[in-house]
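What follows draws every value from the coordinates through simple rules; no lab data is involved. Since we're looking at a predicted model, the values are computed, not measured. We place every Cβ from the backbone using ideal geometry, glycine too, and count neighbours over all the protein chains shown.
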Amino acid sequence: MERLLNRPRIAVVTCESTLVSVMFANNEIGTIQPIEELAHITNEYGAVFHTDAVQAVGHIPIDVNRLGISLLSASAHKFNGPKGIGFLYSRGGIANLIDGGSQEMGMRAGTENVAAIVGMAVALKKNCEEMEVNTRKIKHLEQILLDTLDVSGLDYIRNGVNQLPGNISLSFADAEGEMLLHRLDLKKICISTGSACDSVNTQISHVIRAIGVPEKYANGTIRISLGKENTEAEVRTIADSIIAILERK
């Protein structure tokens, strides 16, 4: 299942629009949006284009000039940096947010968290330098997981299209995502049934509903996140555990 924003879906942009904000890549299903096209349409109307690139920065190449991005926001913990720190890229500058001191070029007064800023910069530099190698490894791990599930004969679909490396949203037929989450947790395998920032909600995700996942599969949706430190053995354990749980349900 997939859902990309396209020209008809952003027809609401008019000459009166001042800002268009689009998620670079979806946090639940990993779909990477056609940012260059969306930014071009936005710029045609003279509006500012912002992208929430929290999921993407440090994991896929992003050229703000080529893509036509005016504003981009990112968060360090998504690329192995410290929690509680992020950055905003601005092509043309922005008005000051907090008056008082001259920190951050006069845009935001207050003492900077230097340790977190340095940690973020080092983590981003390291991730960008290792991006190609990490992407190859993670895609290889993804394929092992999917191939193992395919061989088992389980009835499932992968959600999204043109996904971020390591973001794997799967919907299993006639299954319960919450049951899978708890059974895998007992095996010390951590997954989620949707967005990490909405983990208390046990209802079918609005994202899964929006892309039209059939009811037969929607309730059995889980999200598996793989990273550069995962191993083939771990991925095979995840797949084998899912198979064992669903074959016994």
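For the Cα atoms of the chain, what angle does the longest principal axis make with the long axis of helix 177-186, in degrees from 0 to 90, nearest 10?
80 degrees
Relative to the Cα centre, what is the charge dipole magnitude of segment 131-248, using +1 at the beta carbon of each Lys and Arg, -1 at the beta carbon of each Asp and Glu, and rounding to the nearest 20 debye?
Rounded to the nearest 20 debye, it is 220 debye.
Where does the chain land at 222 nm, in deg cm²/dmol rounded to the nearest 500, when only DSSP H runs of n ≥ 4 count, each adding -39500 (n - 2.57), divided by all residues?
-10500 deg cm²/dmol
Percent relative contact order of the chain, based on C-alpha pairs within less than 8 angstrom and at least six residues apart?
20 percent
Run the quick spin-label model on Lys126 and Tyr89: label points 7 Å from Cα toward the beta carbon, then report their separation in nm to one decimal.
Those two pseudo-labels are separated by 2.1 nm.
Lys/Arg Cβ at +1, Asp/Glu Cβ at -1, dipole of segment 8-129 taken about the Cα centre: which of Asn96, Val57, Ile32 is farthest positive-ward?
Working it through, the farthest residue towards the positive pole turns out to be Val57.
Determine the relative contact order of segment 131-248: mean sequence separation of Cα pairs under 8 Å and six or more apart, normalised by residue count, in whole percent.
Worked out over segment 131-248, it gives 38 percent.
Hey, which of these cross-link pairs are over 24 Å Cα-Cα: Lys78/Lys126; Lys139/Lys216; Lys125/Lys228; Lys126/Lys187; Lys78/Lys216; Lys137/Lys216?
Over 24 Å apart, Cα to Cα: Lys139/Lys216; Lys126/Lys187; Lys78/Lys216; Lys137/Lys216.
Please compute the modelled spin-label separation between Lys139 and Ala116, points set 7 Å along Cα→Cβ, answer in nm with one decimal.
Using points 7 Å along Cα→Cβ, the separation is 3.5 nm.
With an 8 Å Cα cut-off and a minimum separation of 6 or more residues, compute the relative contact order for segment 8-129 in percent.
19 percent
Dipole of segment 8-129, Cα-centred, from +1 at each Lys and Arg C-beta and -1 at each Asp and Glu C-beta, to the nearest 20 debye?
Here the size comes out at about 320 debye.
Work out the length of the dipole vector of the chain about its Cα centre, built from +1 on the beta-carbon of each Lys and Arg and -1 on the beta-carbon of each Asp and Glu, and round it to the nearest 20 debye.
Dipole size: approximately 200 debye.
Quick check on segment 8-129: take the gyration tensor over C-alpha atoms, sort the square-rooted eigenvalues as a ≥ b ≥ c, and tell me if it's rounded (a/c under 1.5), prolate or oblate.
oblate
Take the alpha-carbon centre of segment 133-164, take the same for segment 27-62, and report the distance between them in whole Å.
What the calculation gives is 24 Å, centre to centre.
Mind sorting out which of (1) 0.98; (2) 1.12; (3) 1.36 is the real Cα Rg over 2.2 N^0.38 Å computed from the coordinates?
Identified label for the calculated read-out: (2).
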